[in-house]
Amino acid sequence: MIEAENLSVSLSGRPVLHAISLSLPAGALTVIAGPNGAGKTTLMRALTGDLAPASGIVRFDGIPLQAWPNRALAQRRAVLPQSSHLAFPFTVHEVVALGLRAGAHRIAHPGQFVRDRLARVGLSGYEGRFYQQLSGGEQQRVHLARVLCQLGAPVSEGAANWLYLDEPTSSLDIRHQFEILDIARDHVAQGGGCLAILHDLNLAAGYADRLIVVDAGRIVADGAPEAVLTDDLVATVFGVAADRILLSRSRTAATCAGVQSG
């Protein structure tokens with residue numbers, strides 16, 4: 001369970017988030033959406049503990065984030081940021097194996113564990129390739145494999161482990177977008193928690209159990225996608241007519257299924 005109570009964040013003295021309160025249970029894929037500059041990434045960084053709030057509190061499983069030891073927190077939640085930069089010539093295997101070190105899980109066959117996670121993101125056979133030689137989308141999937149290694153499993157010792165995904169589909173083609181979000185759905189189906197930021201409202205409508213829309217640092221809508229994505233909200237928050245985009249969860253899910261089966 002992730003909880004935020006009256007959470008406010010300022011950056012360089014400028015208020016960015018304003019008194020946000022929410023409660024996120026495991027077992028559901030929660031998506032944050034909103035226009036550019038709305039405060040989506042700032043909210044996620046505050047919920048992960050990467051940003052200290054100006055006021056309010058964030059709790060993870062009922063315990064304030066600042067009370068968690070870093071190693072214990074790393075075993076329970078993993079963060080995929082918008083972008084990651086590596087200056088050294090690591091191989092793909094070395095990058096993904098960093099997740100095992102961060103999570104400090106006892107894995108009987110760590111090499112096979114890394115290969116399994118690479119296979120899960122569609123990168124079988126990439127272990128020996130240098131990270132810098134990959135495309136942007138491939139690099140993004142390498143880092144997803146890394147955070148999957150960090151968590152080890154959706155649930156450990158009866159407690160849900162959490163994935164935080166900040167625009168995980170931004171550099172991917174449509175097939176890989178579906179595959180990555182399928183991984184997120186599988187994670188929550190097995191009892192884990194997942195919070196993702198998505199710009200594509202069609203993907204949000206097709207995959208989210210719960211959709212939180214943020215605008216100007218405030219939550220302006222929160223609920224099931226079909227209830228949240230009204231014509232008025234899309235026009236007011238995103239500045240476009242709803243009929244210009246597909247907003248049917250059932251139609252989006254059917255489209256996803258059709259692409260995957262094809």
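The values are calculated or read from the model by the stated rules, or taken from the named source; none is laboratory data. Everything quoted here is computed from the prediction, not taken from an experiment. All Cβ positions, even for glycine, are placed from backbone atoms using ideal geometry, and neighbour counts span all protein chains on display.
Just a few scattered comments:
Table: residues versus (1) surrounded by fewer than 17 Cβ atoms within 10 Å (Cβ to Cβ); (2) touching a strand residue (DSSP E or B) at 6+ places or on another chain (Cβ under 8 Å); (3) closer than 24 Å to residue 48 by Cβ; (4) not hydroxyl-bearing (Ser, Thr, Tyr).
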position: 95; (1), (2), (3), (4): no, no, yes, yes
position: 109; (1), (2), (3), (4): yes, no, no, yes
position: 121; (1), (2), (3), (4): no, no, yes, yes
position: 129; (1), (2), (3), (4): yes, yes, no, yes
position: 136; (1), (2), (3), (4): yes, no, yes, yes
position: 161; (1), (2), (3), (4): no, yes, yes, yes
position: 173; (1), (2), (3), (4): yes, no, no, yes
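- Taking the stretch 1-17 as the range and being under 28 Å from residue 240 (Cα atoms) and either crowded, with 16+ Cβ neighbours inside 10 Å or touching an Asp or Glu at 6+ places or on another chain (Cβ under 6 Å) (or both) as the test, the residues that pass are 16, 17.
- Looking at the stretch 1-118, the helices (runs of 4 or more DSSP H) lying wholly inside it that each contain 1 or more residues that are at pLDDT below 90 and farther than 27 Å from residue 169 by Cα sit at 70-76.
- Within the stretch 69-110, being without any contact (Cβ under 8 Å) to a residue 12 or more places away in the chain and either β-branched (Val, Ile, Thr) or farther than 17 Å from residue 131 by Cα (or both) holds for 69, 70, 72, 101, 106, 108, 109.
- Residue ID - modelled with the highest pLDDT, chosen from residues in the stretch 234-247 that are out of contact with any helix residue (DSSP H, G or I) (no Cβ under 7 Å at 6 or more places or on another chain) and surrounded by fewer than 16 Cβ atoms within 10 Å (Cβ to Cβ): 236
- Within the stretch 35-46, one or more residues are within 20 Å of the chain's Cα centre (by Cα), polar (S, T, N, Q), surrounded by fewer than 16 Cβ atoms within 10 Å (Cβ to Cβ) and under 25 Å from residue 230 (Cα atoms).
- Cβ separations smaller than 6 Å between residues 6+ apart or across chains give the following pairs from the stretch 147-172 residues that are aliphatic (A, V, I, L, M) and at pLDDT below 95 to residues that are assigned to a loop (DSSP other than H, G, I, E, B) and surrounded by fewer than 23 Cβ atoms within 10 Å (Cβ to Cβ): 155/191.
- When the stretch 185-196 is limited to residues that are among the aliphatic types (A, V, I, L, M) and surrounded by fewer than 24 Cβ atoms within 10 Å (Cβ to Cβ), the one that is farthest from residue 152 (Cα to Cα) turns out to be 189.
- When we screen 26, 38, 46, 33 for residues that are under 21 Å from residue 204 (Cβ atoms), in contact with a His (Cβ under 8 Å, 6 or more places away or on another chain) and in contact (Cβ under 8 Å) with a residue 24 or more places away in the chain, the only hit is 33.
- Residue in the stretch 159-178 that is in contact with a Cys (Cβ under 8 Å, 6 or more places away or on another chain) and more than 20 Å from residue 75 (Cα to Cα) present: yes
- Filtered residues of the stretch 97-134 (kept if of a type in the set (Lys, Arg) and over 20 Å from residue 179 (Cα atoms)): 101, 106, 129
- The condition of being touching a strand residue (DSSP E or B) at 6+ places or on another chain (Cβ under 7 Å) and charged (D, E, K, R) holds for only one of 117, 185, that being 185.
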